[in-house]
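The structure under discussion appears below in the form of structure tokens.
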Amino acid sequence: MLAYTVRRILVSIPVLIASTFIVFLVVVNAGDPVANFATSRQPPPSKAAVAAFARHIHADEPAVQRYWNWITGVLHGDWGPSVQPNLDIGHDLFTRFRVTLTLVAAAMLIALVLAVIFGVFSAIRQYTAADYTITFFGFLFLAMPVFWFAVLLKQAGIWFNEQTGSQFLGTIGEKSPYLEVDTTWNQFTDRIGHLALPTITLALVSFASWTRYTRASMLEVLNSDYVRLARAKGLRRRTVMVRHALRTALIPLATVTALDIAIILGGAVITETIFQWHGMGEMLVESAATVDVYRTMAWLLLSAVVVIGFNLLADLLYAVLDPRIRYD
Amino acid sequence: MTDIEAAGSAGTQLPPTEHEFTVRQRTQTQLVLRRFLRHRAAMVSLVVFVLILLWAFIGPHLWHYSYQKYTPDNSRPPSWKHPFGTNASGYDAYAQVMRGTQTSLKIAILIALGSTLVGAVWGAVAGFYRGFVDAVMMRIADLVLTLPLFAIALVISSRSGGSWYWIAAVIAGLTWAYVARVVRSTVLSLREKEFVEAAKALGASDARIIFRHLLPNSLGPIIVNATVLVATGILTETALSFVGFGVQPPDTSLGLLVSQAQTAVDTRPWLFYIPGAFIIAIALTINFIGDGLRDAFDPRQQRVRQ
């Protein structure tokens with residue numbers, strides 16, 4: 001297992017290098033930060049200042065050389081210059097990563113737990129009213145644009161606060177300002193209150209698609225011979241469902257969850273924009289708007305590592321869930 | 001209905017015993033069509049989708065307000081004069097939603113067509129030649145698949161200036177690899193079939209085998225995937241436009257309309273709910289159509305219906 005893990009990590013390094021190289025070329029050509037600098041300031045900067053700016057962000061070097069300097073720099077902890085003065089990209093990235101990680105982890109956890117519960121229930125009660133209701137809402141949530149639902153939830157949160165006269169549900173930012181001096185308990189409830197609505201938003205789409213996967217794979221497993229055998233042996237229905245059927249049915253879900261992490265990161269960008277979180281979503285939008293090459297690349301590199309990590313985790317989970325699979 | 005009629009008319013010429021067993025032969029296309037027509041949700045969805053399509057593309061020519069002309073009425077709720085109301089600057093929301101639906105649909109359909117065309121040929125060539133060609137082509141496709149769609153689309157389209165075909169090209173450039181994978185796996189099993197061997201024996205060129213034999217026979221998964229891509233496309237484009245990196249004013253898209261209305265959910269709710277409902281309606285009907293097609297092309301997956 002350890003040897004397999006190490007081998008997988010080694011294999012993913014060339015993939016990471018190739019994909020970041022392609023992305024780097026795309027990002028470098030996606031806009032002209034030097035022209036932005038020269039035209040968007042009042043009074044217009046001097047020629048020398050523009051040239052100095054271009055040199056500062058390495059815009060005067062060929063793209064391949066820039067990529068090489070960037071990737072070797074990152075290995076030494078140097079994330080490159082931002083178009084914004086005095087912005088440490090590495091520090092910015094990891095501060096924001098912690099914020100986004102809370103949101104993504106909470107949303108994935110909730111979506112997974114609910115998807116397994118509803119998916120299994122839907123499969124066991126196939127073709128009943130409950131099954132049709134769950135399927136209908138699954139389709140509806142899959143068709144629902146995240147941003148539209150988020151704005152609706154935000155309005156509902158404001159309405160809830162007005163009705164109850166409380167400030168429990170936060171609709172702006174990841175925490176209330178000026179709360180650092182308060183008690184731990186108050187800080188905790190404040191965080192939960194701010195986390196609630198964005199988490200529901202982000203969990204919704206994944207919940208819908210994962211419920212459908214769980215239902216499909218559970219139905220397949222329930223019709224298999226070994227489940228029938230387990231029942232014939234006289235095992236209790238509950239034991240058969242949980243120990244025999246569910247365990248196998250979770251394997252395809254592990255793959256789908258890992259593949260969907262890129263979609264969830266995209267969803268987090270929208271969710272954070274609407275709820276005005278200072279997370280990685282804001283960072284991506286800002287750096288795309290200002291054509292900040294190195295800041296964009298920092299975002300993409302981190303998300304690529306997360307995606308690859310999740311896929312590895314899914315493969316390792318197979319071995320835990322399915323005793324027939326052994327890595328050596 | 002038609003079967004009984006056909007059998008009945010055949011019965012006049014045939015002896016009664018043979019009449020009992022007369023079954024009209026159906027082609028593959030007819031079978032698929034019949035199964036699709038019987039899928040109730042898919043048929044209703046198809047009708048609704050076609051109606052939305054006609055409304056969005058023909059409607060603007062018949063409606064007396066333009067999406068970019070001010071009217072003297074500001075912030076009016078829906079009425080006979082303005083069925084979807086007007087916004088704060090006096091634009092007629094009916095004309096704007098019509099235009100937005102048109103733009104969003106144009107982009108979504110172009111995404112589906114573009115990525116299907118590229119992906120299908122890419123996957124078929126890789127699957128047909130196998131070996132080294134396959135390895136190189138599929139590694140490239142895998143690379144594209146590792147890129148986070150929304151993030152990359154956001155970064156590249158910041159340069160687009162909002163032209164709809166550029167946005168479509170960017171998104172299609174990131175989604176074709178899904179199609180390539182699906183088509184490749186279909187072609188891998190098709191290329192071992194007898195009819196491909198027969199075509200080879202008759203001296204058919206590689207291009208002829210790929211375009212006349214392999215691709216037409218993998219049409220099922222290709223069409224199903226294309227419908228899924230329309231839904232993915234419209235959700236991605238509207239999200240991009242919402243964040244401000246997609247379609248730019250004065251043109252409009254459903255995502256942009258929702259974005260412009262997000263601060264007025266309480267005061268002018270019609271501006272927010274109607275474009276949102278259109279996005280949901282389009283994505284929902286497309287998903288149902290895709291589901292119906294999947295069942296129609298693959299009878300093994302068909303669920304039992306009362």
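The values are calculated or read from the model by the stated rules, or taken from the named source; none is laboratory data. Computed from a predicted structure; not experimentally measured. Neighbour counts run over all protein chains shown; Cβ positions are idealised from the backbone, glycine included.
Yes or no: B:TYR91 buried (at least 21 other Cβ atoms within 10 Å of the Cβ) and among the hydroxyl-bearing types (Ser, Thr, Tyr)? Answer is yes for this residue.
Annotation: B:LEU33 fulfils all but one of (1) touching a His at 6+ places or on another chain (Cβ under 6 Å); (2) at pLDDT 80 or above; the unmet one is (1).
Being of a type outside the set (Val, Ile, Thr) and within 14 Å of another protein chain (Cβ to nearest Cβ) is a property that A:TYR294 has. Residue-level check: of (1) away from chain B (no Cβ under 14 Å); (2) within 13 Å of A:MET297 (Cα to Cα); (3) in contact (Cβ under 8 Å) with a residue 60 or more places away in the chain; (4) not charged (D, E, K, R), A:GLY73 misses just (3). Of all residues being closer than 17 Å to A:ILE200 by Cβ and assigned to a helix (DSSP H, G or I) in the stretch A:130-147, which is nearest to the other protein chains (Cβ to nearest Cβ)? Just the residue, please. Filtering the stretch A:130-147 for residues that are closer than 17 Å to A:ILE200 by Cβ and assigned to a helix (DSSP H, G or I), the one nearest to the other protein chains (Cβ to nearest Cβ) comes out as A:PHE147.
Taking A:PHE310 as the residue in question, decide whether it is within 30 Å of A:PHE37 (Cα to Cα), out of contact with any strand residue (DSSP E or B) (no Cβ under 9 Å at 6 or more places or on another chain), within 14 Å of another protein chain (Cβ to nearest Cβ) and in contact (Cβ under 8 Å) with a residue 12 or more places away in the chain. For A:PHE310, the condition - within 30 Å of A:PHE37 (Cα to Cα), out of contact with any strand residue (DSSP E or B) (no Cβ under 9 Å at 6 or more places or on another chain), within 14 Å of another protein chain (Cβ to nearest Cβ) and in contact (Cβ under 8 Å) with a residue 12 or more places away in the chain - is not met.
Checking the conditions here, which among B:THR252, B:THR232, B:THR238 is in contact with a helix residue (DSSP H, G or I) (Cβ under 8 Å, 6 or more places away or on another chain), part of a loop (DSSP other than H, G, I, E, B), at pLDDT 85 or above and closer than 26 Å to A:GLU282 by Cβ? Just one listed residue meets the conditions, B:THR252.
How about the stretch B:86-119: which of its residues are among the small types (Gly, Ala, Ser) and farther than 13 Å from B:THR175 by Cβ? B:ALA88, B:SER89, B:GLY90, B:ALA93, B:ALA95, B:GLY100, B:SER104 - these are the residues of the stretch B:86-119 that are among the small types (Gly, Ala, Ser) and farther than 13 Å from B:THR175 by Cβ.
Run A:LEU153 past the list (1) within 14 Å of chain B (Cβ to nearest Cβ); (2) touching a Phe, Trp or Tyr at 6+ places or on another chain (Cβ under 7 Å) and report the number of the one that doesn't hold. So the condition that A:LEU153 fails would be (2). Taken as a whole, the stretch B:154-176 holds at least one residue that is within 14 Å of chain A (Cβ to nearest Cβ), in a helix (DSSP H, G or I), over 30 Å from B:PHE49 (Cβ atoms) and free of Cβ contacts under 8 Å to residues at least 12 places away in the same chain. A residue that is surrounded by fewer than 20 Cβ atoms within 10 Å (Cβ to Cβ), part of a loop (DSSP other than H, G, I, E, B) and in contact (Cβ under 8 Å) with a residue 40 or more places away in the chain cannot be found anywhere in the stretch B:48-67. Looking across B:VAL196, B:VAL224, one residue alone is more than 9 Å from chain A (Cβ to nearest Cβ), in contact (Cβ under 8 Å) with a residue 60 or more places away in the chain and either outside any loop (DSSP other than H, G, I, E, B) or not small (Gly, Ala, Ser) (or both). It is B:VAL224.
Within the stretch B:101-122, none of the residues are outside any helix (DSSP H, G or I) and either crowded, with 17+ Cβ neighbours inside 10 Å or of a type in the set (D, E, K, R) (or both). A count restricted to the stretch A:156-166 and to residues that are in a helix (DSSP H, G or I), over 25 Å from the mean Cα position of the chain (by Cα) and more than 10 Å from every other protein chain (Cβ to nearest Cβ) stands at 5.
Scanning the stretch A:72-127 for residues that are more than 30 Å from A:VAL28 (Cα to Cα) and assigned to a loop (DSSP other than H, G, I, E, B) gives A:ARG125, A:GLN126, A:TYR127. Tell me, which residue of the stretch A:274-290 that is surrounded by fewer than 24 Cβ atoms within 10 Å (Cβ to Cβ) and at the interface with another protein chain (Cβ under 7 Å from one of its Cβ atoms) is modelled with the highest pLDDT? Checked the stretch A:274-290; the qualifying residue modelled with the highest pLDDT is A:VAL285. Scanning the stretch A:45-66 for any residue that is surrounded by 12 or more Cβ atoms within 10 Å (Cβ to Cβ) and of a type in the set (Ser, Thr, Tyr) turns up nothing. Apart from one condition, B:ILE222 fits all of (1) within 16 Å of A:ALA143 (Cα to Cα); (2) in contact with a helix residue (DSSP H, G or I) (Cβ under 6 Å, 6 or more places away or on another chain); the exception is (1). Would you pick out the residues in the stretch B:255-280 that are more than 8 Å from chain A (Cβ to nearest Cβ), part of a helix (DSSP H, G or I) and in contact (Cβ under 8 Å) with a residue 40 or more places away in the chain? Those that are more than 8 Å from chain A (Cβ to nearest Cβ), part of a helix (DSSP H, G or I) and in contact (Cβ under 8 Å) with a residue 40 or more places away in the chain: B:LEU256, B:LEU257, B:GLN260, B:ALA261, B:ALA264, B:TRP270, B:LEU271, B:ILE274, B:PRO275, B:PHE278. Taken over the stretch B:140-153, the criterion of being assigned to a helix (DSSP H, G or I) and either on the phi > 0 side of the Ramachandran plot or within 11 Å of chain A (Cβ to nearest Cβ) (or both) is satisfied by B:ILE140, B:ASP142, B:LEU143, B:VAL144, B:LEU145, B:THR146, B:LEU149, B:PHE150, B:ALA151, B:ILE152, B:ALA153. Evaluating A:ILE261 against the criteria (1) under 20 Å from A:PHE207 (Cβ atoms); (2) crowded, with 24+ Cβ neighbours inside 10 Å; (3) facing chain B (nearest Cβ under 10 Å) leaves one unmet condition, (2).
Annotation note: of A:ALA18, A:ALA59, A:ALA54, the sole residue that is within 30 Å of A:ILE308 (Cβ to Cβ) and touching a residue at least 12 places away in the same chain (Cβ under 8 Å) is A:ALA59. The single condition from (1) of a type in the set (Lys, Arg); (2) more than 24 Å from the chain's Cα centre (by Cα); (3) buried (at least 24 other Cβ atoms within 10 Å of the Cβ) that B:ARG191 fails is (3).
Of the set (1) surrounded by 19 or more Cβ atoms within 10 Å (Cβ to Cβ); (2) modelled with pLDDT of 90 or more; (3) more than 14 Å from chain B (Cβ to nearest Cβ), all apply to A:THR271 but (3). When A:VAL27, A:VAL74, A:VAL99 are checked against the criterion of being touching a His at 6+ places or on another chain (Cβ under 8 Å) and closer than 30 Å to A:GLU174 by Cα, a single residue qualifies: A:VAL99.
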